[in-house]
Amino acid sequence: MAVLEILQYPNKKLRARSSEVHVFDSTLHTLLEDMHETMLARKGIGLAAIQVGIPKRILIINLPQGEEGTQHPEDCLEIINPVITHTEGSILWREGCLSVPEFYEEIERHANLTLAYQDRHGESKMLQASELLSVAIQHEIDHLNGVLFVDKLSMLKRKKFEKEFKKALKSEG
Ligand code: QAP
Ligand code: CO
C-alpha cells in the first residue's frame, strides 16, 4: 500500500485522454488500493487514475456517510471504463478537486444519471446516481477525458480562478 503523488494543475498530464482497461489483474487491484489510500490521505471523496499519473479509465468514489461524515472503505465505488447511458435534469454543486487545491466553485451538472461500468474483476455493472454521487461521477469522468472542473467556469469565474492561482503561486515563492 502506498500514498501516491497527486498531479496538480497546470500539469499537462492531467490533459491526457485516458485509455480503456482490458486487463483486470493484481496490478489493477494494487493501483485501486493505492488510489484509495492516497485519496483518504488527502481528504478526498473522488479520484481518477490520471491524477496519480496513470492514463487509464479508472476512478474511485468514497462518499462520507451519516452525521460524522465517515468514509467507510467498504462503500468505496471502484469504477472502470464508465459510460453514462442516460441523464436527466440539472443541478448546481460547489466543487473542488485534489488536483486544484484550495479552489471551490459552483458547477452545473446533470442531476441524475445511469452509468454502465466494469468492476475490478471486469464484471459489467450499472448504477443510478443522483445528487452528490451523480456530481462526483461526472467530475471524475471529466478527468478521464482531460477535463478539469475549472474548464467549465464562466469567463468571469475563470478569471477569478486564474487570479487566485497566480496569487497562490507567488505566496509559495
Ligand atoms: C471531486 O473532489 C468532487 O481543494 C472530488 O484542499 C467534487 O475529493 C466530487 C479536496 C465535488 C463531488 C463534488 C479539495 C481536498 C478534495 C481541495 C475532492 C483540498 C482538499 C476534493
Ligand atoms: Co478532480
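Is it the case that Arg109 is among the basic types (Lys, Arg) and either under 30 Å from Glu172 (Cβ atoms) or away from ligand 1 (no atom under 16 Å from the Cβ) (or both)? No; evaluated as a whole, the condition is false for this residue.
Within region 90-101, residues that are farther than 19 Å from Lys13 by Cα and more than 6 Å from ligand 1 (Cβ to nearest atom) reach partners that are open to solvent by less than 30 Å² (accessible area, probe 1.4 Å) and aliphatic (A, V, I, L, M) with beta carbons closer than 6 Å, at six or more positions or on different chains, in the pairs Ser90/Ala111; Ile91/Ala111.
Out of the residues in region 144-155 that are assigned to a helix (DSSP H, G or I) and either among the aliphatic types (A, V, I, L, M) or closer than 20 Å to Thr114 by Cβ (or both), state the one that is nearest to ligand 1 (Cβ to nearest atom). Result: Val150.
I'd like the residue in region 54-72 that is within 14 Å of ligand 2 (Cβ to nearest atom) and more than 9 Å from the chain's Cα centre (by Cα) and, out of all such residues, is nearest to Asn145 (Cα to Cα). By that ranking, first place goes to Ile58.
In this structure, Arg17 does not satisfy being within 16 Å of ligand 1 (Cβ to nearest atom), open to solvent by 70 Å² or more (accessible area, probe 1.4 Å) and either over 24 Å from Lys152 (Cβ atoms) or not hydrophobic (A, V, I, L, M, F, W, C) (or both).
Specify which of the listed residues (Leu77, Leu47, Leu59, Leu113) is touching a helix residue (DSSP H, G or I) at 6+ places or on another chain (Cβ under 6 Å), farther than 26 Å from Lys12 by Cα and surrounded by 20 or more Cβ atoms within 10 Å (Cβ to Cβ). Step through it out loud before you land on a result.
Numbers: Leu77 fails: touching a helix residue (DSSP H, G or I) at 6+ places or on another chain (Cβ under 6 Å); Leu47 fails: farther than 26 Å from Lys12 by Cα; Leu59 fails: farther than 26 Å from Lys12 by Cα.
Result of the check over Leu77, Leu47, Leu59, Leu113: Leu113.
Looking only at residues in region 95-135 that are within 16 Å of ligand 2 (Cβ to nearest atom) and of a type in the set (Asp, Glu), the one that is nearest to Val3 (Cα to Cα) is Glu102.
Every listed requirement among (1) closer than 18 Å to Leu133 by Cα; (2) touching a residue at least 24 places away in the same chain (Cβ under 8 Å); (3) not β-branched (Val, Ile, Thr) is met by Phe24 save one, (1). Of the strands (runs of 3 or more DSSP E) contained entirely in region 1-112, those carrying at least 1 residues that are over 24 Å from Lys160 (Cα atoms) and touching a Phe, Trp or Tyr at 6+ places or on another chain (Cβ under 6 Å) fall at 77-95.
The values are calculated or read from the model by the stated rules, or taken from the named source; none is laboratory data. Not measured: the values here are computed from a predicted model. Note: ideal-geometry Cβ built from the backbone for every residue, glycine included; neighbour counts use all protein chains shown. Just the protein is used for accessible areas: all its heavy atoms, side chains included, with ligands, DNA and RNA removed. Shrake-Rupley method; radii C 1.70, N 1.55, O 1.52, S 1.80 Å.
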